[in-house]
Amino acid sequence: MVSENRALVLFDVDGTLIRTEGASRHSRAFRAAFERVFGAECRFASGMHGMTDLQIFVALGQSMGVADGRLRDLAREACRTMVEIYSVPVETDGSYVALPGAQATLEMLVRRQTVLGLVTGNDPEIARDKLASAGLAHFFPFGAFGTEAEDRSALPPLAIARAEALVGHPIERSRVFVVGDTPRDIACALDNGCRAVGVATGHFSADMLAGAGAELVLPDLLEVEPLLRLLDTSAGK
């Protein structure tokens, strides 16, 4: 019998579960889509780590002075165009590989009957391709994605609703954990009354993630025992 008190763990993708070796196919598709739809060179700004794809298109359009009335329609068109471009690989594209400990951690969580999902800034097709390339896609039957909302904090409720539909009962927010490598991952958890777990395998240090409010910060997914203890402790709350 499956317990109705199972934890729900929602993972970010880039920098948390996988990394890019070589040139990023996603970045290539994003830049090309922006230039095709907005008619200007794509220039990423600092501080965009953890933003959703849709949010980045909007922010870049705003920096160009695109009128608000057109901005979000253009951003959504750019998201669709990005997926079309991404779907056709080129020889210069790099590869996506699982970060150390990612697969073993996910296998361990599955054995513990943990519900696994995604909260990622990526488009769903791109996220699934990255995870499939890294051999991790089969762990995640659902998620919330970066073309579904401009603000990352709008994604956890979508993922939780999909998890509840999957398991057939409500899930307490005290049993929902968001795992990610940026302060925006931490913020989207806290904004929704969820538990925030940082993994310092991206662009932000453990101190930065703790300062953003993470309840637990792991140096990487090779050291997963603290996360398992946190899941066990939360079961009694």
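Remarks
- Largest-first ellipsoid semi-axes for the chain, taking √(5λ) over the Cα gyration tensor eigenvalues, angstrom: 30, 19, 17
- For the chain: relative contact order, % (alpha-carbon pairs under 8 angstrom, 6 or more apart): 25 percent
- Trypsin sites (Lys or Arg not before Pro) within the range 1-74, DSSP loop, no more than 16 other Cβ atoms inside 10 Å: Arg43
- Unit charges on C-beta of K, R, D, E only; dipole of the range 25-86, Debye: 140 debye
- Of the beta bridges in the chain, as assigned by DSSP with both residues counted there, near 15 percent are antiparallel.
- Rh by Kirkwood over Cα pairs, then Stokes-Einstein D for the range 25-86 at 1.306 mPa s and 10 °C, µm²/s: 140 µm²/s
- Label zone at Met64 (point 7 Å along Cα-to-Cβ), backbone N below 17 Å, the range 14-31: 28-31
- Longest to shortest principal axis, alpha-carbon extents of the range 55-192, angstrom: 49, 39, 27
Rule-based calculations on the coordinates, nothing more; no lab input. Since the structure is predicted, the reported quantities are computational estimates derived from the model, not experimental observations. Cβ: placed from backbone, ideal geometry, glycine included. Neighbour counts: every protein chain shown.
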